[in-house]
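The values are calculated or read from the model by the stated rules, or taken from the named source; none is laboratory data. Just so you know, these numbers come straight off a predicted model, no measurement behind them. Neighbour counts run over all protein chains shown; Cβ positions are idealised from the backbone, glycine included. For accessibility, only protein heavy atoms count, side chains too; no ligands or nucleic acids. Shrake-Rupley method; radii C 1.70, N 1.55, O 1.52, S 1.80 Å.
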Amino acid sequence: MQIPDLPPPAIPRLSHRHRAMLLEMGVPVWWPDPQAASTPPPVEAPVSQAPTARTETRSALPPQRSVTPPPARVTSAPARVQQIRPHDTALDAWPHLEALQAAIQACTRCGLAQGRQCAVPGMGDSQPDWLIVGEAPGEEEDRQGLPFVGRAGQLLDRMLAAMQLTRTQKVYIANVLKCRPPMNRNPDPVEMAACSPYLLRQIQLLRPKMVLAMGRFAAQTLLSEGGALSADQARQLPLGKLRGRIHQVTLGGLALPVVVTYHPAYLLRSPAEKAKAWADLCLAMDAMDNFHRH
Ligand code: URA
């Protein structure tokens, strides 16, 4: 499948409310204020506008101008039946989340089991709207058995707060790998293949409405498993080519929208990219609003 070049991500027009949210994420606000500026900002259109319902919860802030967001880009999963791999028959062995978590905690499918202190199945609401998928546990996560509890996790919490979410309500956080790779090295393909049935089963059981793939390993896994990209495309395409659109995938038998964005650990190293991540979150929030409206 040919992936079209995307235009550079749009810079959002900022209401006072957006500025407050960006500050919460630690994004430096440097765009001209469109309400104050006499000429429009150098963008075609805002990526997104957060919904009125959220505006109402921040009554101290001035009302927003109504701006129609551009239609979201959607890539569809090609019409083909997903291959069931032999070990996927194990999905039936995990009838509910607790059984799945116990299986993850006892897992020895790959070499990472030997080096772990704790496996990290995931945490959050068992009936989430949002599934956040990261890469793999780090040192602190391995120690506590919980996802995203280190520095990257603090930024993730601020990103969720900017979306008026918390990690325990309507959100579930999981990783592609459930065990920490030594020295936090990248996941290898054998480990990802061994671990992916756990993520697929989590998706089946949790039935989220929207999946946020954070970083390239989450994007690779979800888009290739979900039939939106071939395994080669998913491996080769840079994350910048995968973000900025809604990918429609089929995972664990569910049709799901996936939005790809930067991993919080990358954003800590490259804070200038936080604005793009914010645009991705706005895109996902708009899609979620549409979901609830229809
Ligand atoms: N990075 C991840 O991708 N996942 C975690 O749980 C922590 C850091």
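Things to note:
- Protection proxy ranking, peptides 103-110, 173-180, average beta carbon neighbours within 10 Å, highest first: 173-180, 103-110
- In this calculation the C-beta distance from Arg207 to Arg151 is compared with R0 = 45 Å, giving a FRET efficiency of 0.90.
- Three-way shape label, the range 163-283, alpha-carbon gyration tensor, a/c 1.5: rounded
- Hits among lysines - C-alpha to C-alpha of Lys241 under 21 Å, sequence gap 8 or more where chains match: Lys274, Lys276
- Rounded, prolate or oblate (a/c below 1.5 giving rounded, otherwise prolate when a/b exceeds b/c) for the range 94-162 by Cα gyration tensor: oblate
- For the range 203-259, the spread of Cα coordinates along the three principal axes comes to 30, 19, 15 Å, biggest extent given first.
- On the range 231-273, 56 percent of the accessible area sits on carbon and sulfur atoms, based on a 1.4 Å probe.
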